[in-house]
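Here, each number is a calculation from the coordinates, and none is a lab measurement. What you see is a predicted model, and the numbers here were worked out from it, not measured in a lab. When we count neighbours, we look across all protein chains shown, and the Cβ atoms used for this are built from the backbone with ideal geometry, even at glycine.
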Amino acid sequence: MSKSKELFSEAKKYIPGGVNSPARAFKAVENDPLFIEQGKGAFIYDVDGKKYIDYVGSWGPMILGHNHPAVVEALQQQLMKGSSFGAPTKLETILAEMVVEGVSSVDKVRMVNSGTEATMSALRLARGYTGRTKIIKMEGCYHGHGDSLLVEAGSGITTLGIAGSAGVPAKMAEETIVVPYNDISALEEVFKEYSQDVAAVILEPVTGNMGVVAPKNGYLESLREITKKYGTLLIFDEVMTGFRLAYGGAQELYQVEPDLTTFGKIIGGGLPVGAYGGKREIMNYIAPEGPVYQAGTLSGNPLAMTAGISTLKLLKEEGVYNTLEEKGKLLEAGIQENIRKVDIPVVFSRIGSMFTLFFNGSDVTDYQSAKGSNTKAFSIYFNKMLEEGIYLPPSQFEANFISLTHSKDEIEATVEANYKALLEVKEK
Ligand code: PMP
């Protein structure tokens, strides 16, 4: 038995399902998870000593690659001074200023410990600020596991949401209305019925959590117009896309400004960080300045701030996002060529350094079309890629991430493995 399998069965004795986050369990690909020993640049190494080219990147944060020397050095320095005080440090202001300078819609920002906390807090703020209770979210967008956001679509367009997990009160779920992503008329229908009740519309401006799906032309602009018309706050959940698609996130790429933005992943440089920010008058509603309560013992802790600061410093350098785009293009060209050669129904979707290979015969524009993907084929593909030393997110409905350390060699090796894996899918 491999060491990973041994460790997994041991973990299952003490941890529900053996993991601290369900997607790690490899259930969707009918396999057992690898236990990771260490990471370096574009690579991770499992406890059995096998080396993989990593496209999970801790689900997004590792844009500089694993264990970047500048981040490690900064963390070592800070660790000598202490890891948490529960009192202000100048590091919090430095990171906050970097976020405010980098993201034009953000005047002030509050640090939390995860993306989940960021979106939960942003919703409370939106409700507190507008005095309204309903939330609109898009089907297939994931915003962490807060009650209001773990909600699935009801049966009709304007029906109220149903709980997406046991333990989410039906009354809570009913406050969330779910509409399809990329569908403005569905949103207009909802606003006709609930024009004065909606505190916020929240979405991933480019989705990663149903796989990578881009907004249709004009979609984000229309969202901006409609929400403004109804006095509803527009929240971009940029936990994945922030500092990833551009330094200023998807809102920089598409030139649409939300009222509030949530962050996570990259701004923590691999340590637990989330944040939410936006217009000054809205952010001033947060305690101790305003009436919306939100707090955290470890929020803004000096280690997490240090990792975030040193990561953003490197991302601010000239040409970083062009470099990522070039890497994305190179991978895309190779994979598109393989798709043509092998000739199977697959769609490659990429924005910058985020991509998904959908085992799907038609274009994917929303959750319903994403769900039409062949998950059995994906599973075969995933397991063959793993055998070939390529570590991908273990589900069809996830984004893959390219880091600055994925060199031409790694990308070529990935394209080669992709060819073999596509052939295997075709043969099975
Ligand atoms: N929002 C988005 C867009 C995400 O992708 C995620 C996590 N994948 C979250 C929120 C939740 O973040 P966390 O896992 O840090 O709670």
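Within the chain, DSSP assigns beta bridges of which about 60% are antiparallel (rounded to the nearest 5).
Net charge within 12 Å of Asp343 by Cβ-Cβ distance, Lys/Arg positive one each and Asp/Glu negative one each, not counting Asp343 itself? Spell out each step's value before the answer.
On the way: positive: Arg340, Lys341, Lys426; negative: Glu337.
Every neighbour counted, the sum reads +2.
If you add up the charges near Glu97, with Lys and Arg at +1 and Asp and Glu at -1, over every other residue whose beta carbon is less than 15 angstrom from its beta carbon, what do you get? In short, +3.
Peptides 268-276, 340-348 ranked from most to least packed by the mean count of surrounding Cβ atoms within 10 Å: 268-276, 340-348.
For Lys171, a cut-off of 12 angstrom between C-alpha atoms picks up these aspartates and glutamates, skipping any fewer than 8 places away in its own chain: Asp147.
Rounded, prolate or oblate: pick one for segment 69-315, where a ≥ b ≥ c are the square roots of the eigenvalues of its C-alpha gyration tensor, a/c under 1.5 means rounded, and failing that, prolate if a/b is larger than b/c, else oblate. Note, shape of segment 69-315 comes out prolate. For the chain, the square roots of the Cα gyration tensor eigenvalues, ordered a ≥ b ≥ c, give a/c of at least 1.5 with a/b no greater than b/c, which places it in the oblate category. Look at where the Cα atoms of segment 1-64 and of segment 272-344 average out, and the two centres are 23 Å apart.
Considering only Cα-Cα distances, which of the following residue pairs are longer than 27 Å: Lys341/Lys408; Lys90/Lys134; Lys51/Lys265; Lys13/Lys50?
Values: Lys341/Lys408 21 Å; Lys90/Lys134 37 Å; Lys51/Lys265 24 Å; Lys13/Lys50 25 Å.
Beyond 27 Å between Cα atoms: Lys90/Lys134.
For trypsin sites (Lys or Arg not before Pro), the sites in segment 270-328 that DSSP calls loop and that have at most 13 other Cβ atoms within 10 Å are Lys316.
Per residue of the chain, the DSSP helices (runs of n ≥ 4 H) give a summed -39500 (n - 2.57) that works out to -12000 deg cm²/dmol at 222 nm. Summing Lys and Arg as +1 and Asp and Glu as -1 over all other residues whose Cβ lies under 13 Å from the Cβ of Ile202 gives a net charge of -2. What you get for segment 69-315, charging only the Cβ of Lys and Arg (+1) and of Asp and Glu (-1), is a dipole of about 460 debye around the Cα centre. Candidate cross-link partners of Lys5 among the aspartates and glutamates, defined by an alpha-carbon separation under 17 Å and a same-chain spacing of 8 or more, comprise Glu30, Asp32, Glu37, Asp46, Asp48, Glu387. Modelled spin-label separation between Ala87 and Lys51, with each label point placed 7 Å from Cα along the Cα-to-Cβ direction: 4.7 nm. Listed by chain and number, the aspartates and glutamates whose C-alpha is less than 14 Å from the C-alpha of Lys40, apart from same-chain residues fewer than 8 away, are Asp54, Glu410.
Among Asn374, Asn301, Asn217, the largest mean-square fluctuation in a Gaussian network model of the chain (Cα springs under 10 Å) belongs to Asn217.
If a spin label sat at a point 7 angstrom from the Cα of Gln77 along the line to its beta carbon, the backbone N atoms of segment 261-277 nearer than 17 Å would be those of 269. Once the Cα-Cα distance is subtracted from the 0.36 nm per residue extended length, the Ala295 to Ser104 segment shows a gain of 66.3 nm. Using the charge dipole of segment 69-315 (Lys, Arg: +1 at Cβ; Asp, Glu: -1 at Cβ; taken about the Cα centre), state which of Leu223, Val190, Tyr285 has its Cα farthest towards the positive end. So the residue furthest toward the plus end is Tyr285.
Where both partners of a DSSP beta bridge lie in segment 69-315, what percent of those bridges are antiparallel, to the nearest 5? Provide the component values of the computation, followed by the final result.
Working: 13 of 31 bridges.
Around 40 percent antiparallel, to the nearest 5.
Projecting the Cα atoms of Pro69, Ser84, Leu357 onto the charge dipole of the chain (Cβ charges, centred on the Cα centre) puts Ser84 farthest toward the positive pole. A simple spin-label model places the labels of Ser21 and Lys329 3.1 nm from each other, with each point 7 Å out along Cα-to-Cβ.
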